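One structure is given here, and the rest of the page talks about it.
The values are calculated or read from the model by the stated rules, or taken from the named source; none is laboratory data. No experiment lies behind these values; they were computed from the predicted model shown. Heads up, the Cβs are rebuilt from the backbone with ideal geometry, glycines too, and the neighbour counts pull from every protein chain shown.
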Amino acid sequence: MMTTSMFSADGSVDLRVTDGVATVRFGHPKSNSLPGRLLRSLAATVARAGERDDVRVLVLRSEGQGAFCAGASFDELAALDNKEDGKEFFLGFARVILAMVEAPVPVVTAVQGKVTGGGVGLVASSDYVVAVEQAALKLSELAVGIGPFVVGPVIERKVGVAAFGAMALDADWRDAAWATRHGLYTQVVPDAAALDAAVAARAAQLAAANPDAVRAIKRVLWEGTDDWGKLLERRAETSGELVLGEFTRAAIQRFKAR
């Protein structure tokens, strides 16, 4: 078994490789939210794991038994004061999405709790998702004056235009049954113990399968996404501009004050 970790004051990313399964686990004390440094570490770790010859499947997890991911760090959003830094922050989500999509091996994601905003983008960028019944999700960006622009393409690819539009415009919670019907979740289990068992079983099955066939399936799943690098960069620029507006800054402060 090989273990590496990338720690910072903004959270942690841990990589463990055992029997062909690379487990990438990220964490942050604020509901596993994603500040810029953590996004960079997560993207780099996923990319590095996917490049290893001894890795046949990648498992993505987050720390604890609470939220899977609360999306963007509101502390960091509130501190942004220019378009360049704003674009760079949102490019962090783009890089994680691209690392997951471009990984040559399948990404199996374990969702142990609620998913918000950019976290939904991580779920949609996965190839197989196991979630607990309590793992509701929502796109909350409009509520704070921005929109799910960077995560939009990958979510729309999974759920369709109409369902993505509804998620983007009403910012309501969707339950795990809805997420399963619309292709965001592959399998729903009752609790954390069942989640661990289901993820371990699926990862072991994929690690034991014909690696050439599995990699070919991965390529098929993401055909037509070769231009996403430029697309997501444009979307990050839009988000970076919107986050500086008076409406958005006031909305973020109100949200932080809750």
>> If I ask for residues that are within 14 Å of residue 129 (Cβ to Cβ) and over 19 Å from the mean Cα position of the chain (by Cα), which ones from region 203-212 would you list?
In response: 206
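Right, residue 186: hydroxyl-bearing (Ser, Thr, Tyr) and over 19 Å from the mean Cα position of the chain (by Cα) or not?
On the way: hydroxyl-bearing (Ser, Thr, Tyr): yes; over 19 Å from the mean Cα position of the chain (by Cα): no.
Spelling it out, it is not the case that residue 186 is hydroxyl-bearing (Ser, Thr, Tyr) and over 19 Å from the mean Cα position of the chain (by Cα).
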> Can we say residue 61 is part of a helix (DSSP H, G or I), out of contact with any helix residue (DSSP H, G or I) (no Cβ under 6 Å at 6 or more places or on another chain) and under 30 Å from residue 208 (Cβ atoms)?
Replying inline: no
> Out of the residues in region 111-129 that are closer than 18 Å to residue 177 by Cβ and of a type in the set (A, V, I, L, M), which is surrounded by the fewest Cβ atoms within 10 Å (Cβ to Cβ)?
Replying inline: 123
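Among the residues that make up region 47-59, is at least one of them farther than 30 Å from residue 247 by Cα, without any contact (Cβ under 8 Å) to a residue 60 or more places away in the chain, crowded, with 22+ Cβ neighbours inside 10 Å and not small (Gly, Ala, Ser)?
Yes, region 47-59 contains at least one residue that is farther than 30 Å from residue 247 by Cα, without any contact (Cβ under 8 Å) to a residue 60 or more places away in the chain, crowded, with 22+ Cβ neighbours inside 10 Å and not small (Gly, Ala, Ser).
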> Out of the residues in region 213-233 that are more than 16 Å from residue 125 (Cα to Cα) and exposed (fewer than 13 other Cβ atoms within 10 Å of the Cβ), which is nearest to the chain's Cα centre (by Cα)?
Replying inline: 230
> Of the numbered conditions (1) under 21 Å from residue 64 (Cα atoms); (2) hydrophobic (A, V, I, L, M, F, W, C); (3) modelled with pLDDT under 95, residue 171 satisfies every one except a single condition; which is it?
Replying inline: (1)
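Surrounded by fewer than 18 Cβ atoms within 10 Å (Cβ to Cβ), among the charged types (D, E, K, R) and either closer than 22 Å to residue 179 by Cβ or touching a residue at least 40 places away in the same chain (Cβ under 8 Å) (or both): is that true of residue 81 in this structure? Break it down into steps so the answer makes sense when it comes.
Working: surrounded by fewer than 18 Cβ atoms within 10 Å (Cβ to Cβ): yes; among the charged types (D, E, K, R): yes; either closer than 22 Å to residue 179 by Cβ or touching a residue at least 40 places away in the same chain (Cβ under 8 Å) (or both): yes.
When the stated conditions are applied, residue 81 passes them.
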>> With the structure loaded, tell me whether residue 185 is among the aromatic types (Phe, Trp, Tyr) and either in contact with a Phe, Trp or Tyr (Cβ under 9 Å, 6 or more places away or on another chain) or surrounded by 21 or more Cβ atoms within 10 Å (Cβ to Cβ) (or both) or whether it fails that test.
In response: yes
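Determine, yes or no, whether residue 154 is touching a residue at least 40 places away in the same chain (Cβ under 8 Å) and surrounded by 19 or more Cβ atoms within 10 Å (Cβ to Cβ). Break it down stepwise before answering.
Working: touching a residue at least 40 places away in the same chain (Cβ under 8 Å): yes; surrounded by 19 or more Cβ atoms within 10 Å (Cβ to Cβ): yes.
Criteria met by residue 154.
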> What's the number of the condition residue 232 fails, among (1) assigned to a helix (DSSP H, G or I); (2) touching a helix residue (DSSP H, G or I) at 6+ places or on another chain (Cβ under 6 Å); (3) among the aliphatic types (A, V, I, L, M); (4) under 24 Å from residue 131 (Cα atoms)?
Replying inline: (4)
> Mind checking which residues of region 218-258 are of a type in the set (A, V, I, L, M, F, W, C), free of Cβ contacts under 8 Å to residues at least 40 places away in the same chain and within 15 Å of residue 100 (Cα to Cα)?
Replying inline: 220
